[in-house]
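The values are calculated or read from the model by the stated rules, or taken from the named source; none is laboratory data. Everything quoted here is computed from the prediction, not taken from an experiment. Glycine also receives a Cβ, built like all others from the backbone with ideal geometry; neighbour counts cover every protein chain displayed. Ligands, DNA and RNA are excluded from the accessible area calculation, which covers all protein heavy atoms including side chains. Shrake-Rupley method; radii C 1.70, N 1.55, O 1.52, S 1.80 Å.
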Amino acid sequence: MSILTRVEGAHAATKPGRGAPGRLSVVAATGFLVLAACYMLLPVYWLLVSSTKSQGDLVSTPGLLPAHWHLGDNLAALFAQQDGVFARWLLNSLLYAGAGAAVATALAAAAGYALAKYEFRGREAVFSVVLGGVLVPASALALPLFLLFAQVNATNTFWSVFLPSIVSPFGVYLSRIFATASVPDEVLEAARMDGAGELRIFRTIVLRLMSPALVTVFLFQFVVIWNNFLLPLVMLQDDDLYPVTLGLFTWQSQTSRLPQLQTLTIVGALISVVPIVLTFLLLQRYWRAGLSAGAVKS
């Protein structure tokens, strides 16, 4: 009995010691995440504060401290500059990114599904080429693409920016991995036995099963196209075709001659963040739906 009592006492004595390091690690991890979040959000905070300042306050007050509220005036000046060209740039970016990401997602879904579920000669070679495309930086392709479009006199057009944006090697890779894991062969065979064609199977079954991955591909491609700068810089000369990134760059390059453009560039940068945030908020529910679908037992 004495030995048992000693063991129980020793066990009880070690319990607080176990809990303390656990709580300490949680606090440390939480503190690190808070610091990381603050670091990531600090530029956004500066952008928000600076957008509310006049040109004089922007250069005479500390960057992280607010001054007199001029956001409304700045927004009015932003959309009135150069006969409202910023609204045209914003619409161009939405068209490039929205349509480009949608087409890229559809192509990536079809290619990834085919590479995952169809047996054909050279399948692995094709997938190896796709993996190679993931490793090639987009900046390395800007000049070759310009030369290709110049051969057909298609530079300085909408298509010179749109067509390169609909190819997503990463999307194909992710779609193949997800299709392999989430699309059962038994379901496909059952649909074929019921007389469904391959296109109908892809539209009604495969796309639904792959929806979480496709949302990821769409968001990734949307952000990549929205933030794309080098390709429009190389391809475009017409102001009316500029995306918002290139348009704001042209304004920023003129601030030494027109100082008021500095404030407009900052406010425009703030506005350009809004579509990305809204897209993420609107599509995140599909992630939750996809993650929880596997937990429902039929």
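Can we say Val136 is open to solvent by 60 Å² or more (accessible area, probe 1.4 Å) and among the hydrophobic types (A, V, I, L, M, F, W, C)?
yes
Which condition does Met40 not pass, out of (1) open to solvent by 30 Å² or more (accessible area, probe 1.4 Å); (2) not in a helix (DSSP H, G or I), if it passes all the others?
Every condition holds for Met40 apart from (2).
Is it the case that Ala191 is open to solvent by less than 40 Å² (accessible area, probe 1.4 Å), assigned to a helix (DSSP H, G or I) and assigned by TED's automatic domain parsing to the domain that holds Asn228?
Considered against the rule, which asks whether it is open to solvent by less than 40 Å² (accessible area, probe 1.4 Å), assigned to a helix (DSSP H, G or I) and assigned by TED's automatic domain parsing to the domain that holds Asn228, Ala191 comes out as yes.
Table: residues versus (1) surrounded by fewer than 17 Cβ atoms within 10 Å (Cβ to Cβ); (2) within 22 Å of Tyr286 (Cβ to Cβ); (3) in contact with a Pro (Cβ under 9 Å, 6 or more places away or on another chain).
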site: Leu147; (1), (2), (3): yes, no, no
site: Thr155; (1), (2), (3): no, no, no
site: Trp159; (1), (2), (3): yes, no, no
site: Glu198; (1), (2), (3): yes, no, no
site: Val215; (1), (2), (3): no, yes, no
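Would you check if there is a residue in segment 253-260 being touching a residue at least 40 places away in the same chain (Cβ under 8 Å), in a helix (DSSP H, G or I) and assigned by TED's automatic domain parsing to the domain that holds Leu145?
Yes - at least one qualifying residue is present in segment 253-260.
Can you tell me which residues in segment 45-85 are open to solvent by less than 30 Å² (accessible area, probe 1.4 Å), part of a helix (DSSP H, G or I) and closer than 11 Å to Leu264 by Cα?
Passing the criteria: Ser50, Ser51, Asn74, Leu78.
Against the condition modelled with pLDDT of 90 or more and in contact with a Ser or Thr (Cβ under 6 Å, 6 or more places away or on another chain), how does Phe202 come out, does it pass?
Details: modelled with pLDDT of 90 or more: yes; in contact with a Ser or Thr (Cβ under 6 Å, 6 or more places away or on another chain): no.
No: the conditions fail for Phe202.
Given the residues Leu231, Leu246, which is the only one that is modelled with pLDDT of 90 or more, open to solvent by less than 40 Å² (accessible area, probe 1.4 Å) and under 24 Å from Val44 (Cβ atoms)?
Leu246
Out of segment 104-155, which residues are touching a Phe, Trp or Tyr at 6+ places or on another chain (Cβ under 9 Å) and part of a loop (DSSP other than H, G, I, E, B)?
The one that is touching a Phe, Trp or Tyr at 6+ places or on another chain (Cβ under 9 Å) and part of a loop (DSSP other than H, G, I, E, B): Thr155.
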